[in-house]
Amino acid sequence: MEVNRKKAATIFKAFCDENRIRILEQLLTGEKCACVLLESLHITQPTLSHHMKILCDADIVTSRKEGKWTHYSISRSGGEYAVELLKALTNTSFSNIG
């Protein structure tokens, strides 16, 4: 696997915050409206927007608009890529980073 360092940094940044981990835990049971995430996380709307932008920019989470609300879900392909990236970066028997 050829590692795109900039993309890798973006992905790992997405996992490096306690609130973003909580958001991902909420999304494990399926798509959630931003309003539901706000209630369960006890954070402000601007704070949620900031975290969701980071998760979406990393392709870990996808979003869709429905009226005035945005609904979020975990991206299967983004999650799979993150797993493969971690494997590639921690596999000591193979080095294909360049």
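When the accessible area of the chain is split by element with a 1.4 Å probe, what percent falls to carbon and sulfur? Working shown, then result.
Numbers: 3400 of 6300 Å².
Carbon and sulfur atoms account for 54 percent of the accessible area of the chain.
Over the chain, accessible surface divided per residue gives 64 Å², non-protein components excluded, 1.4 Å probe. Could you name the aspartates and glutamates whose alpha carbon sits less than 17 Å from that of Lys87, not counting residues in the same chain fewer than 8 places away? Straight-distance partners of Lys87: Glu2.
Straight-line reach from Lys65: taking Cα to Cα under 17 Å and skipping same-chain neighbours fewer than 8 places apart, the lysines in range are Lys32, Lys53. For the pair Thr90 and Asn4, the difference between a 0.36 nm per residue extended length and the Cα-Cα distance amounts to 29.5 nm. Taking a Cβ cut-off of under 15 Å around Thr70, the surrounding Lys, Arg, Asp and Glu residues balance to a net charge of +1, with basic ones at +1 and acidic ones at -1.
Multiply the residue separation of Asn19 and Cys33 by 0.36 nm, subtract the distance between their alpha-carbon atoms, and state the gained length in nm to one decimal.
Numbers: separation 14, 0.36 × 14 = 5.04 nm, distance 1.62 nm.
Full extension from Asn19 to Cys33 adds 3.4 nm.
Near Cys56, once Lys and Arg are set to +1 and Asp and Glu to -1 for all other residues with Cβ below 13 Å from its Cβ, the sum equals +3. Placing +1 on the Cβ of every Lys and Arg and -1 on the Cβ of every Asp and Glu, with no other charges, gives the chain a dipole of roughly 220 debye about its Cα centre.
The values are calculated or read from the model by the stated rules, or taken from the named source; none is laboratory data. Being a predicted model, the structure only gives us computed values, none of them experimental. Note that each Cβ is placed from the backbone with ideal geometry, even for glycine, and that neighbours are counted across all protein chains shown. Just so you know, the surface numbers come from the protein's heavy atoms only, side chains and all, with ligands and any DNA or RNA stripped out. Shrake-Rupley method; radii C 1.70, N 1.55, O 1.52, S 1.80 Å.
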